[in-house]
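Below is one structure, written out as structure tokens, with a few remarks after it.
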Amino acid sequence: MKRLLILYVLACLLAGCTDEEREDVLSSSVIVLGGQIRSLGRAAQDITRFEEGDRISFFSKGGIEADNILLTYINKEWEHGGDLIWNASGEEAVLAAYYPCFALEDWNFYDGDGFLKDLVCARKEVAYGLPVELEFKHLFSKLVFEADETVNGQIQSITFTPSVQVKAIEPYTGTIALTGNAASSFQIAHRSDRIYSFLVPSVPDVTVDIDITTPQGVLSLEATTPQTYESGHEYTYHLIAKEEEVGIYTAEDFIAFSHLINQMEYEGRTLEEFGKNVDGVMTYYLRSDIRFTEEESKRVQPIGFKKYASGDRDDYVFKDCFDGLGHTLFDLQIITPGNTLYQGLFGFIGKEGVVKNLILENCSHVNTSAFELQHIGILVGLNYGMIMNCHVKSCMIEDEKRGYAGGLICDNKETGVVLNSSVDNMRFKGNKLNIGGLCCDNGFVVLNSYMAKCQYVEGSKCVGGLCCTLGTSSTLLNCYVIFSNYPTDDFAPLAYKVLSGAVVRTCYYSEHISVNPVYEGYNYNIQNNVYTFGDSYITTNDGKHLLDALNGWIDENQAIYPDYPLLHWQEGDGNVPFIHQSLP
């Protein structure tokens, strides 16, 4: 009897990561944090193979014909009751297989406790006469809810109710049909590892209701936000006792904060929910990574703003401290009001203002204003304060109406300080834009920072790798630039234009860039204080490795800058060779 050979590879479900332990008592306010997603991959250590006697449902049309034939794994081969061979049609075979096996009409996708079963499938088109090899993948999505120590210490059980229920599956496409009703609730008892996981259908707009049973009673949490889950992926959420620490935990929290900080009321909420007074300074905390939807982005207000012209709205300056605690804002589409001159997540930061330990990733700003000459920065439009340990990654600025753009900050004015910060993989798109990879117009201090892999599209007017313009009282110290493209002739790897009185010292760029490090204002003083590095990152001034040169400068000069806590550098990856060490 001829046998159809099917090679099986099944990815294991991956466990979630461990959250920081906490010892406080459980509050009645528990929130759900989400955002982390990873593929249920096929790493070598995760390979699981069929065991003797396992059966799969096999479908095929075209060159091989089969309608839910059961194949049984016996002695490392798949067997069935009859021959399964190529017919005489000469057509390719369209194949599908599922484990565990099921009957199309009455197969139960849920077990007796209400959990969706882990169904794996393989679908493939095979040219006529070729061997058949099928790689199985998870059909559904895995949700992992990780409770922090405070919450988990009080959990007796958690009841989950997904908003959708599987009715049927079309075998050749894997399309999931739904019943139109919510799935039955199911319960998971207390787990000492704090991990509560289950599967949901990979369909649009899935939500999950959560009820936590504690000795004090049942906490009914708000349903998770509607989510389209991708087949074969794991999504990790965290259950956190919110009231143990004030701060911003969710997108809705951030939206509320952005209104309140601009002195706008928001649904009865108060700024005291998000921060506290620390040594006389009101400090607001970002307590988790947040991933924004397009709809949520539209509701975020600029934090501080400056009017475009007299007679418009009043200015509002951010003069407090925002501490990101090393967390990341993902996918934020920065949309600022009309009639404001400076655009960014923080529109206007005053000289008392501080933003630190914050990462923006995959964020964007597209200028749709009727006004030209907009000043756009992903993090800050106009800064008179201090930016510390802030990083912009894989973001984009688009402005076709002529203006000014900086990857991190647009205008850093006469008291503004930027240190230990970076822009990585930034894309600028616009017509006659003046661009600085890190800062467009620097009027004071940019220190111990870097720019890597920025893309400047055609149409840019004046481009500086770190800054477009350095003003007469500005300083650029201990910075480096690497791996960027400059499509315009009007560019320089460090700064486009340096005015008399500016200080540029111990900055580095690749020796493969043949132009001067400064396009306008390149003088003897600058020439003898900036250096190149080669493919092995050896600097031209003293033959040191770039990493040693950057850290050596800090060791020698930190005492000169006591108000600026400088982070040392460490090895990064191949694209960003040297990055700042972990946040303090």
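Bear in mind that the values in this text are calculations on the coordinates, not laboratory data. Every value quoted in this text rests on a predicted model; they were computed, and no experiment measured them. In this analysis, Cβ positions are derived from the backbone assuming ideal geometry, glycine residues included, and neighbour counts consider all displayed protein chains.
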## Note on the structure
Over its alpha-carbon atoms, the chain yields an Rg and a Dmax in Å of 28.7, 88
### Task
Please give the contour-minus-distance gain from Thr161 to Val218: 0.36 nm per residue of separation, less the Cα-Cα distance, rounded to one decimal in nm.
19.1 nm
### Message
Antiparallel versus total DSSP beta bridges in the chain: what percent is that, nearest 5?
### Response
45 percent
### Summary
The Rg/Rh figure for segment 245-575, Cα atoms and Kirkwood Rh, to two decimals is 0.96
### Task
Show me 374-386, 225-237 ranked by packing, highest mean number of other Cβ atoms within 10 Å first.
374-386, 225-237
### Message
Students often get this wrong: which residues of segment 464-479 have the backbone nitrogen under 18 Å from the point 7 angstrom along Cα-to-C-beta of Asn516?
### Response
464-472, 476
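Taking 30 Å as R0, compute the FRET efficiency from the Cβ-Cβ separation of Ser89 and Thr228 and round it to 0.05.
Numbers: r = 38 Å, r/R0 = 1.27.
E between Ser89 and Thr228, to the nearest 0.05, is 0.20.
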#### Entry: Cα-based Rg / Dmax (Å) for segment 45-138
14.3, 47
### Message
Quick check on packing: order 290-302, 165-177, 424-436, 562-574 by the mean number of other C-beta atoms within 10 Å, highest mean leading.
### Response
424-436, 290-302, 165-177, 562-574
### Task
Fewest Cβ neighbours within 10 Å first, please rank Leu260, Leu345, Leu499 accordingly.
Leu499, Leu260, Leu345
### Message
Quick check: pseudo-label points 7 Å beyond the Cα along Cα→Cβ at Ile560 and Ser473, how many nm apart are they?
### Response
2.0 nm
### Message
Going through the cross-link list Lys306/Lys497; Lys76/Lys137; Lys142/Lys356; Lys61/Lys167; Lys124/Lys393; Lys298/Lys497, which pairs have a Cα-Cα distance over 31 Å in this structure?
### Response
Lys142/Lys356; Lys124/Lys393; Lys298/Lys497
### Message
Per 0.36 nm of contour for each residue apart, how much would the distance between Arg55 and Asp111 grow if the chain were fully extended, relative to their Cα-Cα spacing?
### Response
18.4 nm
### Task
Provide the gained length on full extension for the span Thr270 to Ala189, in nm with one decimal, where the gain is 0.36 nm per separating residue minus the Cα-Cα distance.
25.6 nm
#### Entry: Mean ellipticity per residue at 222 nm, deg cm²/dmol - from DSSP H runs of n ≥ 4 across the chain, formula -39500 (n - 2.57)
-1500 deg cm²/dmol
